[in-house]
1. Sequence gap of 8 or more, or different chains, plus Cα separation below 25 Å: how many lysine pairs satisfy both in segment 211-318?
2. Rank by packing, highest mean first: peptides 13-26, 105-118, with packing defined as the count of other Cβ atoms within 10 Å averaged across residues.
3. Can you give me the long-range amide H partners of W269? Hydrogens built in the peptide plane at 1.01 Å from N, cutoff under 5 Å, separation of 5 or more residues or another chain.
4. Two-decimal Rg/Rh of segment 154-233 from alpha-carbon positions, Kirkwood Rh?
5. Please state the charge dipole magnitude for the chain, taken about the Cα centre, from unit charges on C-beta atoms (+1 on K and R, -1 on D and E), reported in debye and rounded to the nearest 20.
6. How large is the charge dipole for segment 107-246, taken about the Cα centre, if only the Cβ atoms of Lys, Arg (+1) and Asp, Glu (-1) carry charge, to the nearest 20 debye?
7. Can you give the log10 of the normalised intensity I(q)/I(0) at q = 0.06 Å⁻¹, computed with Debye over equal Cα scatterers of the chain?
8. Taking the Cα centroid of segment 107-163 and of segment 49-77, what is the distance between the two, rounded to the nearest whole Å?
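Coordinate-derived values only; no laboratory data. Please read all numbers here as calculations on a predicted model, not as lab measurements. No Cβ is skipped: glycine too gets one built from the backbone with ideal geometry, and neighbour counts run over all protein chains shown.
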Amino acid sequence: TVSMELAKKDIRALSKEALQDFFIAQGQQAYRAAQVYQWLWSKGVHDFDKMTNLSKDTRLLLDSHFTINHIAVDQQQRSKDGTFKNAIKLHDNRIVESVLIPAKDRTTACVSSQVGCSLDCKFCATSQLERMRNLNVDEIFDQVVAIDHQSRTYFDIPLSNIVFMGMGEPLMNYNNVLGAIEKITSPEGLGMASKRITLSTSGIPKLIRKMADDGVKFNLAVSLHSAIQSTREKIMPFSIKFPIDELLSSLEYWYEATQRMVTIEFIVWKGINDNLEEVRALVNFCRKFPSKVNLIEYNPIGDDTFMQATKEAMSMYQNKLTAARIINTIRRSRGKDIDAACGQLANKALKN
């Protein structure tokens, strides 16, 4: 039976057209594909038997040809501030993490796009994991469905926002991330508004331009952390390949094509980027295109190189950005006590 299961194709890897072709080839009506598609992508069903408007024979036919690989919430932790962290088990038993962040009138899902990460940012626990593989469209989609369910169960409201800030670099899994967003926003899928979705990247200029050319409708955030190339290379070594000038010109290109403001994510560390030169460089960078800056409290991951900046340093950044009329906020970290905050997702609970 194991080899039989392996031989079965995951039905969610099929387009609606391919599903239609399957039904026609089996001597069935083509409209069955639309019914099945609705169960899979709009209702998030993981079991053919639950597709109640299909005959028993049709359900058996599907079951004999296909499987539905789906995630399972393997472990759930709740922070004292209400944040949930989920250890998500994939069909091949690998684990990723996702987070539900509640606010007064909305909830945000922080979802993962890779098992591990392709990049090598020194300050991030996730980047210290080996990148095992990219997540499929359905694995990204399922995280959103699971968090929406949690949001309704615990907070009595549907999920309102999604950020691609979990494990992995979303642009290194370009096609699957965009495919998942298409399913999440499509009227045939979850029907969520694109403007409530933010993709956060460490800054890969060529792919930022590609997104702009592809006419995406969601928001863009960039983990910058320094607008000085030499500092950025120390904290994010991969950025040697992606010079700050190229990143800047890709963000100018993005704004021109989409007319959407870019969010700059910026962690301030003691002794690394908490000086006036760094602040001025950031101000000059942000003046080149409409942007807003999220100043982020650092969440320690056990490396003494990176220490949280003083309140004075954070105030200096705020004052200079405000004086330059650049919108800015200090983002307080959520879920720190359960390692659910930015840069802390590292499957730690599974190692204990």
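1. Step by step, the pairs that qualify in segment 211-318 add up to 10.
2. The packing order, highest mean first, is 105-118, 13-26.
3. Counting only residues 5 or more places away or on other chains, the set is D274.
4. Using only Cα positions, Rg/Rh for segment 154-233 is 1.03.
5. 720
6. Using Cβ point charges on Lys, Arg, Asp and Glu, segment 107-246 gives about 320 debye.
7. For the chain at q = 0.06 Å⁻¹, log10 I(q)/I(0) is -0.24.
8. A separation of 23 Å, based on Cα centres.
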